[in-house]
1. Within the group LEU139, LEU54, LEU48, which residue is touching a helix residue (DSSP H, G or I) at 6+ places or on another chain (Cβ under 9 Å) and in the same structural domain as THR346 (by the TED database)?
2. Report every pair of residues separated by at least 6 positions or lying on different chains whose Cβ atoms are under 8 Å apart, first residue within segment 5-31 and over 21 Å from PRO94 (Cβ atoms), second among the aromatic types (Phe, Trp, Tyr) and surrounded by fewer than 19 Cβ atoms within 10 Å (Cβ to Cβ).
3. Does THR209 satisfy being open to solvent by 30 Å² or more (accessible area, probe 1.4 Å), polar (S, T, N, Q) and without any contact (Cβ under 8 Å) to a residue 40 or more places away in the chain?
4. Quick one: PHE41 ticks every box in (1) of a type in the set (A, V, I, L, M, F, W, C); (2) at pLDDT below 95; (3) not in a helix (DSSP H, G or I) bar one, so which box is it?
5. Just checking, which of VAL219, VAL238, VAL215 is hydrophobic (A, V, I, L, M, F, W, C), in contact with a Gly (Cβ under 7 Å, 6 or more places away or on another chain) and farther than 24 Å from GLY300 by Cβ?
6. Output yes when any residue across segment 259-266 is open to solvent by less than 10 Å² (accessible area, probe 1.4 Å), over 20 Å from ARG355 (Cβ atoms) and assigned by the TED database to the domain that holds GLY336, and no when none is.
7. Tell me, yes or no, whether segment 320-329 has at least one residue that is farther than 26 Å from HIS226 by Cβ, open to solvent by 30 Å² or more (accessible area, probe 1.4 Å) and in a strand (DSSP E or B).
8. Is there a residue being surrounded by fewer than 17 Cβ atoms within 10 Å (Cβ to Cβ) and within 17 Å of THR234 (Cα to Cα) anywhere in segment 158-176?
Amino acid sequence: MALSDTRFLTRRRALAAKLAAQRVDVMLVTHLTHVRYLSGFSGSNAALTVYKDLSALIATDGRYTTQIAEEVPDIEAINARACATTLLSKISGPRRVGFEADFVSVSEFKKLEEACGEDVTLVPISGVIEEIRITKDPLERERLRAVAELANSAFWELIDDGLIQAGRTEREIAADLEFKMRIKGAERPSFDTIVASGPNSAKPHHSATDRVIEVGDLVTIDFGAHDRGFNSDTTRTVVVGEASDFVKEIYDIVLRAQLAGCAAAVPGAQLVDVDKACRDVITDAGYGEYFVHSTGHGIGLDVHEAPWAAVTGSGELAENMTLTIEPGIYVPGKGGVRIEDTLLITSGVADNLTRLPKDLLII
């Protein structure tokens, strides 16, 4: 059996152990990210059943006959368009079958019910696969480092080529950065690239527009690359031409907050305390009302996944989790600053996958 197959089997074994604790005989996996995590299949239509004895079946349609044979050599594949109901129809009772309650609509659930034999009981399951995904295995860590390096290299090249300057539009800069990431090997951006300039920088999730950048503008760029299933996420804020006292003030505060959050992100730290480390710096400086989002999130097969560092966060960090640290200040009508790194939690100081300078850059 290939190394990759062993890794997926290990993940399915972890899932089976968790299901046994809930007296579930079979898990029906329909969320495509989770299908990929447990099997390696990356197509756009699939479902997977994992049995408590570690046997498994996977279904996809005829478009992926060759692909599934290559990506999932260790699981029997069934050719079907209606993947989930086909797999359910092959389960004979009495069985308790778990389904992903967070990813199944009411209408989809009715179809699942209709496909079940009379001795099959559907059991809603939440968060079980996410609990396994929260810590990253060696290959995941390797791929996260690689995709972060790809994206950050593209950003630095954007700076070196002088493509962030007065007279250019937000949309042009976003397109240039996404192009550079693709040329360097990204399959696509992890998300729509944010380029927020001038007063738009006070909008945390601003979409790049045709606004023309002016001298003195803050320009916040939030970007990431997607490659082989994994994502990166980085934010840097630069200033074009000259920095006002206001710009220097809020940038310094956000930088100090961000460094405090990075220092707090160690194994055993409560996630709410990591958020507090950032938030206290900004609040003590008088800008607490302008830090309007959480401090960070995990990243992997999804751009946003557990764990969550927030005022309402729960749980604690552990080795081999990922966490972004991204505090910000957003003052309506004036501008905003966000600085974001992605950390891999280690036994000592976290491994910062975002290898970009954080001092105020005036270009």
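1. Step by step, each of LEU139, LEU54, LEU48 is checked, and only LEU139 is touching a helix residue (DSSP H, G or I) at 6+ places or on another chain (Cβ under 9 Å) and in the same structural domain as THR346 (by the TED database).
2. From segment 5-31, the pairs are THR30/PHE103; HIS31/PHE103.
3. Judged against the criteria, THR209 is not a match.
4. (2)
5. VAL215
6. no
7. no
8. Yes, that holds for at least one residue.
The values are calculated or read from the model by the stated rules, or taken from the named source; none is laboratory data. Just so it is clear, the structure is predicted and the values come from calculations on it, not from any experiment. No Cβ is skipped: glycine too gets one built from the backbone with ideal geometry, and neighbour counts run over all protein chains shown. Remember, those area values only see protein heavy atoms, side chains included, never the ligands or the DNA or RNA. Shrake-Rupley method; radii C 1.70, N 1.55, O 1.52, S 1.80 Å.
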